[in-house]
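First up is the structure itself, then whatever we jot down about it.
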Amino acid sequence: MNSNLAPTCKKMIGDYWVLWFAISNSYSVVSLEFEGLLDIFLSSNNYNTFSSALPIELSAAEKKDISESLLNYLESCNQPYVLPDQDTIALDTASRQISKLYAFEDKTIQIHYSSESVLKTIHPAIANYCKALSDINDVTFDIHLYNDQLCLFKNETLITAVPKGDYHLVQGKFIMHLLCELHDIEEQDWIGTLHGSTITDGESSILFIGKSGKGKSTLCALLAAHGFHLLADDVSPLHSKNQHLYYNPSSISLKEGAFNLLKPLVPNFDELPIVEFNKIKGQLKYLPTTKPEKDHYPCQAIVLVNYTPDSETILEDISVQFILETLIEDSWLSPNPKHAEQFINWLHTLPLLQLTYSTTPDVLREISTLFKQFNCRQ
């Protein structure tokens, strides 16, 4: 009845439809039955046409409820996302309390922080690239806290400003711009930066996602300690040109619960400094890893990690509904319709799996087998 509210693109993945709405840059996963009702609703000229297309056994009140529910759903999916007004925020160079220089192969990046607490948002994950300060650098970032707004500047131009509690958005935006510098790729050429960690065997890669505390980073550290390579921790960039996942130089962020497990496996683990960012995260260590041979690899699967004490190791199919509700949270996805279509098509090509595990030998064997299966198909 209002085709202007229709999703911009959609695709059936498994038993669900994935819809994308351009005006809100939002994704929605709906059942086959719900999508069928949406199609009828959007193609109907008026309520009477829609009502007559519904099963005759439904009462008039039930038909009215369905119509209102569909309209409310579509309106909620078409709420424009409005960026906060940031024009009034200007860089105060007097806030440059701490300065660090980082060397990434042929690129040098200088970052100025306004305080020790702001430093902890970025520095620990890239501390192993820190070097002596110099007057020569390729790009300069400033990360400052102004009136409870965490602000990111690049070459003294504001990139983003968010409430300090949403610091992960600044972390993601910084990584995006760092990756643009390291890979010589423009920001508009990324499909997105996905909230997940990527492991490669040197031929292909697997994206591991999971809620906090479910063992995603610990699993990646275990795999890195047993012959695999970390391609990206926590922020995995997906490029439009080839739909490959790209290298992110950040170290693996490890919670205190993983320390005893990894200590025997990682040389000089005790020498890694402990970082206390906030009470929720507790004590953290950042584990640097060896860079893979290539900068990017094709992704062969998305695996939802579910560490469960005393469980068997089980790798099983999972619906796109569970994958997307975990993946999209804290991810940045491009609002470009071309990229949205690429993202949905990319999801459609991948096995979507859930990994439940508790013991190291079994999970290592399971992931090794999975990589071998993918490589045999290539």
**OP:** Take Phe141 and decide whether it is buried (at least 17 other Cβ atoms within 10 Å of the Cβ), touching a helix residue (DSSP H, G or I) at 6+ places or on another chain (Cβ under 7 Å), of a type in the set (Phe, Trp, Tyr) and modelled with pLDDT of 95 or more.
**Re:** yes
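Search the stretch 95-110 for residues being in contact with a Cys (Cβ under 9 Å, 6 or more places away or on another chain) and not aromatic (Phe, Trp, Tyr), and hand back the single one that is most open to solvent (accessible area, probe 1.4 Å).
First, pick out the residues of the stretch 95-110 that are in contact with a Cys (Cβ under 9 Å, 6 or more places away or on another chain): 100-103.
Applying the additional criterion that residues be not aromatic (Phe, Trp, Tyr) yields 100-101, 103.
On the way: Lys100: 59, Leu101: 1, Ala103: 33 Å².
By that ranking, first place goes to Lys100.
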Subject >> Any pair with Cβ under 8 angstrom, 6 or more apart, that starts in the stretch 350-378 at a residue that is acidic (Asp, Glu) and ends at one that is part of a helix (DSSP H, G or I) >> reply: none
Original post:
Going by the structure shown, is Leu327 aliphatic (A, V, I, L, M) and farther than 16 Å from Thr198 by Cβ?
Top reply: no
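Do we find that Tyr113 is open to solvent by 60 Å² or more (accessible area, probe 1.4 Å), of a type in the set (Phe, Trp, Tyr) and touching a Ser or Thr at 6+ places or on another chain (Cβ under 9 Å) in this structure? Spell out how you get there, then give the answer.
Details: open to solvent by 60 Å² or more (accessible area, probe 1.4 Å): no; of a type in the set (Phe, Trp, Tyr): yes; touching a Ser or Thr at 6+ places or on another chain (Cβ under 9 Å): yes.
No; evaluated as a whole, the condition is false for this residue.
What residue, among those in the stretch 317-334 that are within 15 Å of the chain's Cα centre (by Cα) and of a type in the set (Asp, Glu), is least open to solvent (accessible area, probe 1.4 Å)? I'd like the intermediate steps shown before the answer.
Keep residues of the stretch 317-334 that are within 15 Å of the chain's Cα centre (by Cα), which gives 322-334.
Within this subset, residues satisfying the condition of being of a type in the set (Asp, Glu) are 325, 329-330.
Working: Glu325: 104, Glu329: 95, Asp330: 77 Å².
Ranking the qualifying residues of the stretch 317-334, first place goes to Asp330.
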**OP:** List the strands (runs of 3 or more DSSP E) that sit entirely inside the stretch 205-316 and contain at least 2 residues that are open to solvent by 10 Å² or more (accessible area, probe 1.4 Å).
**Re:** 235-239, 244-246, 252-255, 283-287, 296-307
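Quick one: in the stretch 357-368, which of the residues that are touching a strand residue (DSSP E or B) at 6+ places or on another chain (Cβ under 9 Å) and open to solvent by 20 Å² or more (accessible area, probe 1.4 Å) is nearest to Tyr307 (Cα to Cα)? Before the answer, list the steps.
Kept after step one, since they are touching a strand residue (DSSP E or B) at 6+ places or on another chain (Cβ under 9 Å), are these residues of the stretch 357-368: 357-358, 363, 366-367.
If we keep only those that are open to solvent by 20 Å² or more (accessible area, probe 1.4 Å) too, we end up with 358, 366.
Numbers: Ser358: 6, Glu366: 14 Å.
Looking at residues that are touching a strand residue (DSSP E or B) at 6+ places or on another chain (Cβ under 9 Å) and open to solvent by 20 Å² or more (accessible area, probe 1.4 Å), I get Ser358.
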Original post:
If you check Ser319 against the conditions, is it of a type in the set (S, T, N, Q) and touching a Gly at 6+ places or on another chain (Cβ under 6 Å)?
Top reply: yes
Original post:
Mind checking whether some residue in the stretch 151-173 is in contact with a helix residue (DSSP H, G or I) (Cβ under 6 Å, 6 or more places away or on another chain), of a type in the set (A, V, I, L, M, F, W, C) and over 19 Å from Thr193 (Cα atoms)?
Top reply: no
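Please verify whether Pro337 is of a type outside the set (Asp, Glu), open to solvent by 20 Å² or more (accessible area, probe 1.4 Å) and either farther than 23 Å from Leu230 by Cβ or under 22 Å from the mean Cα position of the chain (by Cα) (or both), treating the condition exactly as stated.
Numbers: of a type outside the set (Asp, Glu): yes; open to solvent by 20 Å² or more (accessible area, probe 1.4 Å): yes; either farther than 23 Å from Leu230 by Cβ or under 22 Å from the mean Cα position of the chain (by Cα) (or both): yes.
The answer is yes for Pro337.
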Original post:
For residues in the stretch 59-79 being open to solvent by less than 70 Å² (accessible area, probe 1.4 Å) and outside any helix (DSSP H, G or I), which is farthest from Phe21 (Cα to Cα)?
Top reply: Ser59
**OP:** Take the residues in the stretch 252-279 that are in contact with a Lys or Arg (Cβ under 9 Å, 6 or more places away or on another chain) and small (Gly, Ala, Ser), then tell me which one is nearest to Met176 (Cα to Cα).
**Re:** Ser253
Original post:
Got at least one residue in the stretch 84-94 being on the phi < 0 side of the Ramachandran plot, surrounded by 18 or more Cβ atoms within 10 Å (Cβ to Cβ) and either within 23 Å of the chain's Cα centre (by Cα) or modelled with pLDDT under 95 (or both)?
Top reply: no
Original post:
In the stretch 88-194, which strands (runs of 3 or more DSSP E) lie fully inside it and hold 3 or more residues that are polar (S, T, N, Q)?
Top reply: none
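The values are calculated or read from the model by the stated rules, or taken from the named source; none is laboratory data. All of these numbers come straight from a predicted model, not from anything done at the bench. A quick note on method: Cβ atoms are made from the backbone with ideal geometry, for glycine too, and the neighbour counts reach across all protein chains shown. The protein model used for the area step is the full one, side chains on, heavy atoms only, and it has no ligands, DNA or RNA in it. Shrake-Rupley method; radii C 1.70, N 1.55, O 1.52, S 1.80 Å.
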